[in-house]
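The structure under discussion appears below in the form of structure tokens.
The values are calculated or read from the model by the stated rules, or taken from the named source; none is laboratory data. As the structure is a computational prediction, the values presented were derived from the model and not from experiment. A quick note on method: Cβ atoms are made from the backbone with ideal geometry, for glycine too, and the neighbour counts reach across all protein chains shown. Surface areas here come from the heavy atoms of the whole protein model, side chains and all, with no ligands, DNA or RNA. Shrake-Rupley method; radii C 1.70, N 1.55, O 1.52, S 1.80 Å.
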Amino acid sequence: MKEIILIVGLLFSLRVGYAQKVQHPALLYTPERITQVQQRMQHEEALTKAWSDIKQVADSELKHTRLDKADYLSLAYLMTKENQYADKLKEILQNAIEAETWGSSEMLARKPVWRGDLGLAHKAYLSAIAYDAVYQNLSGEERKQIAEGLYRLALEPLLGDWLLEPTRIHSLNSMGHNWWTSCVCMGGILALSLQNELEYAREGAKAVYEHLPEWFHFAGDVLQQKAKSFDEAGGMYESLNYANFGIQEALQFLIAWKAAYPGASLPDIPQLEKLPAFFAHVSYPRTGMLYSINFGDSHKNITAESSLMLLYALGIRDDNMLWYMNQVEQGQHRDGYFLNRPMGFLYTPNLSKAPEEPDLVHSQLFADFGWATMRDAWSKNATMLAVKSGHTWNHSHADVNSFILFHKGVDIIKDAGNCWYPNPAYRNYFFQSEAHNVVLFNGKGQSREQQYHGSMLRGHLHHLIDGGNVKYVLANGTGPVSDQFSRNFRHFLWIDNVIYMIDDLKTHENGEFEWLWHPGGEWKKRGADVTITQGEASVVVRPLYPRLLALSDFVHDYPEDLYWEEISAPTEDLKGTETYYSFHLPGKFDRIKGLTAIILKDSVNQKELPLMERREGKDWIGLRITYKGKVTDLYINQLADGRLMHNNSWIDADGWQTDAYLFAVSYPEGSSAKDCEELFLAYGSALRKNDITYFSSLSKLFFLQKKEGRNVNLRIEGQPYVNATFHVEKRPSRLKVNGKSANVNYQNQLLKVSYEK
């Protein structure tokens, strides 16, 4: 009984607090923002030019009576206090509320009826901005009339459908992505604007404030395989385009709430602190507009400066955010916050002190939703590999184990992209596996029904290691294709200027395998290599196992080698067609190891390429790579792919005894493997040679060991508790484990490493 009394008392006190009058304008276009930007215009020429552009749009809107550009008219009035803009806004609002409905015919035809959608949410936002701007110019009767009209047309349909009882029809499980925050938070901003006139608006705004953290914390579900919304490392699964949009809508509400109630605290949403690093890690800085990873329903020119500006306004700030915003070209995509648009004009911070490069690690794994990025530098036009193996549904395509390669300013191996959803090409091509760099079996990838029902078994990424010139990540795409595959693993091992892509494939029956390639440039085959070139960027694709590419176009002379097929597909803009390629393995198999080298050329005219010798022995295959005085021996254990149960997968390869899945040993040309300077091993418990144990652990680990003079650098993945030994000839002066200094426990040429994550 005491608890009930306390709750009632709390609700009463909250109601009293929320009933206080709010000054206008008080939400997004605040007096403080207006004054601040006017002061900056005195010494920032770019802002002066932007204001001229905004005012020009506002002046042109004086000829019309439409809501579309009400934000421009609102800003023009607040900047100039000229009544012509206020009068037009008043006319627009009074005209708008005469409509019978703002709902779309498509949504209103659904069962149950969807009264609130994205279009209505945008109208609610524009109405709130306009009403807020001209509030003091309206009579009490006019305020009430407009407020009641906006309640009928926008506020109640949005909050009634998406949040409030007894009419709510949506849940976070069914629509907990960008639609939820847009409809709820734009309804919330409108509610904040109307709360002086409507009790419903006050209560609705409070409900949005109280429930918004649930969207950020949504952990997914098992029954219908909905994904966790936010990764532990930051970011959202839905594609950069929709992640930024959904987050942006939520942040706008939080800023409006803070402006309306300056003394109130914001809800605890820890995910906000991690967003800036996420947006940076999925970006690709280059000469020209900033690119971003376009997995799913996104485009490579989409950026997230809008969310970063709003976070910055909320007080979440670091120099990396300034760096990011400084990379974005004005007007580079449809939905941006650019200087000559109202929100960008008011919320772009001073970027004059933005650093040249961000202070961030070069590689990042987003394990919860299956993205990884690895780059060799943060400088413009560097090389970045992006890998995806996660959830499929809605805006997340059927692209498990796919990748995009950016090199010297272009996506030289690209994603096919997406198109307008009603076009048949979207569901028949762009969403499906055929539009991505994946392996097909018998001409099929992921089941086409996953677009609608999702992948009940999702893909995963594991064991990201970045040791500078050596990087690694493991993609497990078995789940989404488990109707055909019992193993669908793809290892990405990047050593120096070569990315080795290792496919471990096992199917339920014999059939035909093919590898898909979507080039981002001109494709030319020369012998067993393919060169892809665009501008200054050029890479060589060299299949090595299970077979080479047929050496000539007379493929019938090479009946066992890979042959290729050119496939025509629509371009992303649907204005033409482009060609992607399929490498077919002749014959029918149920188990394959594929090894493809992607050579990153320093220049288009580079002639000297790494020499790669195919080598194999009993139960292993591999390569010897020689380039610029360095030799790397790469070994793949044929027994370590799950074919043995309990019988351990030990092999002897060139005198190396190991149970590892794969390992690579690098040493100076002219010396031997015992002088190795870099040792990479994946999924092994021991590595021995000539009675020397180079590595031992009771549990199988993934690691990279590098000698740097008298220092040793170890990167270790695989288990939360590690107790392992590593061979080092001389006592190290310094030891680093996973980037952190560690105590040197050294005896008899063995370095003992123990830690618990």
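Ordering Pro543, Leu223, Ala147 by Cα displacement along the dipole of the chain toward the positive end leaves Pro543 in first place; charges were set at the Cβ atoms of Lys, Arg (+1) and Asp, Glu (-1).
Surface composition of the chain: carbon and sulfur atoms hold 49% of the protein heavy-atom accessible area at a 1.4 Å probe.
Just to confirm, what accessible area per residue do you get for the chain at 1.4 Å probe, in whole Å²? Spell out each step's value before the answer.
Numbers: 31200 Å² over 757 residues.
Heavy-atom accessible area per residue stands at 41 Å².
Counting only alpha carbon atoms, the long axis of helix 45-61 and the longest principal axis of the chain meet at about 60°. Share of pairwise Cα-Cα distances greater than 13 Å in segment 441-484 is 63 percent (whole percent).
Within the chain, the proportion of C-alpha pairs whose separation exceeds 36 Å stands at 50%. Here segment 396-527 was treated as a single set of alpha-carbon atoms; its pair distances binned every 5 Å from 0 give 2, 10, 17, 21, 20, 15, 10, 4, 1 percent. Over segment 456-553, the reciprocal of the mean inverse Cα-Cα separation, the Kirkwood hydrodynamic radius, stands at 15.6 Å.
In plain terms, the bigger the Kirkwood radius, the slower the diffusion; for segment 261-359, with that radius from Cα pairs, at 20 °C and 1.002 mPa s, Stokes-Einstein puts D at 151 µm²/s.
Determine the relative contact order of the chain: mean sequence separation of Cα pairs under 8 Å and six or more apart, normalised by residue count, in whole percent.
6
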